[in-house]
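Visitor: Next up is a structure, given as structure tokens.
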């Protein structure tokens, strides 16, 4: 079951963001984008989501993805691999349909649907 809600320029109550569909707002402040990224990361760790975003080349992309540990491929640990600091402007996710890792720019997200 999926339900829909839109976000306007009003203050965001992040505690209410569960099991719904949301449209992000280009007018959010930097702190709202940081909170959105954290919220989205938490939702992806517990759910499969359909995320609509604008790719770097300007194309619109709709991706079904997750960060649920049981759906992720086993990670290969390479000896001597350097752990990179995360880029908080991007989010890496596992694309369920492509069966591979993909990333997108957080501020390019246009819609999030949580599959329940």
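Where a number appears in this text, it was derived from the coordinates with a stated rule and is not lab data. None of the values given here were measured: they were computed from a predicted structure. With ideal geometry, Cβ positions are generated from the backbone for all residues, glycine too; neighbour counts draw on all protein chains shown.
Visitor: Given axes a ≥ b ≥ c from the Cα gyration tensor, I'd like to know whether the range 24-69 is rounded (a/c under 1.5), prolate (a/b larger than b/c) or oblate. Show your work: numbers first, answer last.
Guide: Details: a/c = 2.68, a/b = 1.09, b/c = 2.45.
Oblate, since a/c reaches 1.5 and b/c is not below a/b.
Visitor: Averaging over every viewing direction, what projected area does the convex hull of the Cα atoms of the range 44-116 cover, in nm²?
Guide: Its average projected convex-hull area is 5.7 nm².
Visitor: Can you tell me which of 35-48, 77-90 comes out highest on packing, and rank the rest after it, using the mean Cβ neighbours within 10 Å?
Guide: The packing order, highest mean first, is 35-48, 77-90.
Visitor: Can you sort 29, 92 so the residue with the fewest Cβ neighbours within 10 Å comes first?
Guide: 29, 92
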